[in-house]
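Engineer: Have a look at the structure that comes next, please.
Read-outs: derived from the displayed coordinates by stated rules, not from any lab. Here the structure is a predicted model, which means the values were calculated and not measured. Heads up, the Cβs are rebuilt from the backbone with ideal geometry, glycines too, and the neighbour counts pull from every protein chain shown.
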Amino acid sequence: MALIQHNPSTFDVLNWNFVSDKLSTIAIIFDFFYNTSISESVSFNVFKSEIGTQFAEKVVFAKTLRKTFSKKYKHITPEENIKINVDYYLRFENHILLFEYKDYTIPDRVKNGTYNDIEQYFNYRFVKNERGQEKGVLQLKKQIETLYTSTEQIENFDSLGIPKTRLFIYPIIIVNDDSFSVPGFENYLNSAFKSSISNNKYDFYIIQNLTVIEMDFLLEHSYLFQNGERTLHSLIHKHHLEISAREAIFNRFKNPRSHLAKFESFKHTTGPKLPKLDPTETPIFKSIADQLGFPKG
């Protein structure tokens, strides 16, 4: 039990971590669907897909990034510039982070399916769906192409004193389901991403490997980005350096125990090295708690 109800509008919170989890997009959607009559007229997958676009992507995700990353960053959404094809564009000096947000939950039939079932699910949700529509990986590739061919329609880099040849590009996919942090998932999508851009020549300084990051990671460590202790692009850079080092170690010694280590997710290589803060102490949680009228103390 996490809550004790005294009357219809008053509760005592016994477990704030429970409340923090319940404020996540998936938990809210799940509870709302199964505790209202809407479940009688539409399937959960259809409902979640619509909510994912209208609520999670356009409200929760965008507002989280604006609140997490300070005014030192340049923020652009598709609604603000038609040349933005991805869900969010973020720039810090000459580092450009391109975000695609995918609010998927892997169904049990896929988790318990064959390798081909899992591969097909990944491809349909993150590369190109069954109707041929480009998804996450190819959406990021398209944005990089647009950034290269229509640079000045996105930002006037000449006036900023940043030549195209000094731009660092970071393609990022944000997920909600912890299952996507399984070793190898990021590697699989990155292989598809690198294959998609292999025949193109860009004058950017570097296009970093694709990175998969959990939404919970941004929420839990938002205070580090807000106060400037860390930058997301530096953490991404260190993550891929570590993965490369692990791969080199495995290729040299061929130790089976180190095989999975070279496929670990961003969350697992980065999270343990960062200072810990109770989720309920983060500025984002406190802001939500204030808006909901949670008692202090």
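Engineer: Ordered by residue, what ³J(HN,Hα) values in Hz, to whole numbers, does the stretch 193-205 give under the Karplus form 6.51 cos²θ - 1.76 cosθ + 1.60, where θ = phi - 60° and Gly and Pro are x?
Structural biologist: Rounded to whole hertz, the list is 5, 5, 5, 5, 10, 5, 9, 9, 10, 10, 8, 5, 4.
Engineer: Computed over the Cα atoms of the stretch 155-261, what is the ratio Rg over Rh, Rh following Kirkwood?
Structural biologist: 1.01
Engineer: Across the stretch 75-84, in residue order, what do the Karplus-derived ³J(HN,Hα) couplings come to in whole Hz, using 6.51 cos²θ - 1.76 cosθ + 1.60 with θ = phi - 60° and x for Gly and Pro?
Structural biologist: Going residue by residue, I get 10, 9, 10, x, 5, 9, 7, 5, 7, 8 Hz, with x marking Gly and Pro.
Engineer: For LEU260 and SER244 in the same chain, what is the full-extension length gain: residue separation times 0.36 nm, less their Cα-Cα distance, in nm?
Structural biologist: Contour length minus the Cα-Cα distance gives 4.5 nm.
Engineer: Further question on the same structure: Using the Cβ atoms and a cut-off under 12 Å, what net charge is assigned to the surroundings of ARG246, where Lys and Arg are +1 and Asp and Glu are -1?
Structural biologist: Summing Lys and Arg as +1 and Asp and Glu as -1 gives 0.
Engineer: So, one more: Can you give the local net charge around ARG166? Use residues other than it whose beta-carbon is closer than 11 angstrom to its beta-carbon, Lys and Arg +1, Asp and Glu -1.
Structural biologist: Residues near ARG166 contribute -1 overall.
Engineer: Multiplying the sequence separation of SER179 and GLN226 by 0.36 nm and subtracting their Cα-Cα distance, what value in nm do you get?
Structural biologist: Working it through step by step, the gained length comes to 14.2 nm.
Engineer: Could you tally the net charge around ASN176, taking each other residue with its Cβ under 10 Å from the Cβ of ASN176, Lys/Arg +1 and Asp/Glu -1?
Structural biologist: Once all neighbours under 10 Å are counted, the net charge is -4.
Engineer: Same structure, new question: Between the stretch 188-209 and the stretch 53-126, how many Å separate their Cα centres?
Structural biologist: 18 Å
Engineer: Could you give the length gained on full extension between SER191 and LYS67, defined as 0.36 nm per residue of separation minus the Cα-Cα distance, in nm?
Structural biologist: 41.5 nm
Engineer: Packing-wise, with mean Cβ within 10 Å as the measure, how do 96-109, 142-155 rank, highest first?
Structural biologist: Top of the packing list down: 96-109, 142-155.
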